[in-house]
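What follows is a set of notes on a single structure, which appears directly below.
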Amino acid sequence: MSRHLTRCLSILLLAITTTAHPAAAEQAALLMLFDVRPPFVSFDGKALQGSIGARAQAVLEKSGVAFELREVPVARQLLMVQQNLSPACAVARLKNVERLRLGVFSLPFAESSPYVAVQRKDQKLPEPASLSNWASHRGLRWGVQSGLYYSDYVQGVLGSAQAEIARFSAPHLHFAKLLAARRIDFVIVQEDEAQEMIKAQALRAQKLDDLVHGEQRFFYCSKSVPEASLRAINEALK
């Protein structure tokens with residue numbers, strides 16, 4: 001009877017171990033959070049694409065870290081990383097002091113092009129053409145994408161702006177329609193995005209005197225991401 005009981009327990013333990021293994025493997029995979037933002041990040045159903053997305057995908061594959069891609073709005077990405085409920089990383093985020101306090105950054109994996117302004121072709125905006133100058137004019141309407149952290153400099157200008165700030169939860173191509181409809185006077189986007197916007201509407205891109213540098217982008221990870229995983233990602237980045 002004792003031998004029979006021992007055998008039954010062994011079979012039960014084997015069944016539990018076999019059943020639990022896939023779940024454990026799934027839990028071990030890092031959630032890689034992304035938002036679709038052509039031409040920088042797109043998704044073909046299997047892998048990230050675009051000038052930044054393809055780079056991120058290549059680094060992740062090279063690292064050997066198990067990961068699961070999940071499309072999530074930017075504001076939700078940040079919340080998921082900072083709540084630290086599970087190992088997760090947001091793809092292509094900018095670094096700032098607040099984010100650094102609540103999460104962990106990889107080494108930089110890409111640098112985006114500088115911001116430019118997009119405006120209507122028939123519109124003459126104040127000189128000199130700089131973000132700080134335009135933001136100081138009360139009569140102008142600056143279109144801003146909600147939840148997007150532009151850069152330390154731009155956020156500082158936003159905080160002291162006299163211009164009307166019109167916030168929209170929309171991709172950059174929607175801002176082309178807002179400009180054409182005269183609901184806003186200008187928006188800042190990166191150069192590649194500006195070219196896409198200009199194709200669709202009677203718009204033009206304007207370089208700004210105080211926006212001449214691109215921004216470094218990182219994997220922004222929750223503090224529960226294993227050190228070994230982050231180390232492997234950093235080694236792949238090198």
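Close contacts from region 61-90, counting a first residue that is buried (at least 17 other Cβ atoms within 10 Å of the Cβ) and a second that is in a loop (DSSP other than H, G, I, E, B) and among the β-branched types (Val, Ile, Thr), with Cβ to Cβ under 7 Å and a gap of 6+ residues or different chains, come to MET80/VAL72; PRO87/VAL225; CYS89/VAL225. If you filter region 185-238 down to residues that are of a type in the set (A, V, I, L, M, F, W, C) and part of a loop (DSSP other than H, G, I, E, B), you find that the one that is nearest to GLY64 (Cα to Cα) is VAL225. When residues in region 69-88 are screened for being touching a Leu at 6+ places or on another chain (Cβ under 6 Å) and part of a strand (DSSP E or B), 2 of them pass. Tallying residues that are of a type in the set (Asp, Glu) and free of Cβ contacts under 8 Å to residues at least 60 places away in the same chain within region 101-130 yields 1.
Note on region 195-236: residues that are open to solvent by 20 Å² or more (accessible area, probe 1.4 Å), hydrophobic (A, V, I, L, M, F, W, C) and closer than 15 Å to LYS62 by Cβ amount to 2.
Residue by residue, here is whether (1) touching a strand residue (DSSP E or B) at 6+ places or on another chain (Cβ under 8 Å); (2) hydrophobic (A, V, I, L, M, F, W, C); (3) within 23 Å of GLN190 (Cβ to Cβ) holds:
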site	(1), (2), (3)
ALA54	yes, yes, yes
ALA58	no, yes, yes
VAL72	yes, yes, yes
MET80	yes, yes, no
ALA88	yes, yes, no
LYS95	yes, no, yes
ARG101	no, no, no
VAL104	yes, yes, no
ASP122	no, no, no
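Only one of the listed residues (ARG3, ARG7, ARG37, ARG55) is surrounded by 10 or more Cβ atoms within 10 Å (Cβ to Cβ), modelled with pLDDT of 50 or more and more than 27 Å from LEU94 (Cα to Cα). That residue is ARG7. A residue that is closer than 21 Å to ILE52 by Cα and not aromatic (Phe, Trp, Tyr) occurs nowhere in region 121-142. For ARG93, the conditions (1) buried (at least 21 other Cβ atoms within 10 Å of the Cβ); (2) of a type outside the set (A, V, I, L, M); (3) in contact with a helix residue (DSSP H, G or I) (Cβ under 6 Å, 6 or more places away or on another chain) are fulfilled apart from (3).
The values are calculated or read from the model by the stated rules, or taken from the named source; none is laboratory data. Computed from a prediction, not measured in an experiment: that's the story for all the values here. In this analysis, Cβ positions are derived from the backbone assuming ideal geometry, glycine residues included, and neighbour counts consider all displayed protein chains. All accessible areas refer to the heavy atoms of the entire protein, side chains included, with ligands and DNA or RNA removed. Shrake-Rupley method; radii C 1.70, N 1.55, O 1.52, S 1.80 Å.
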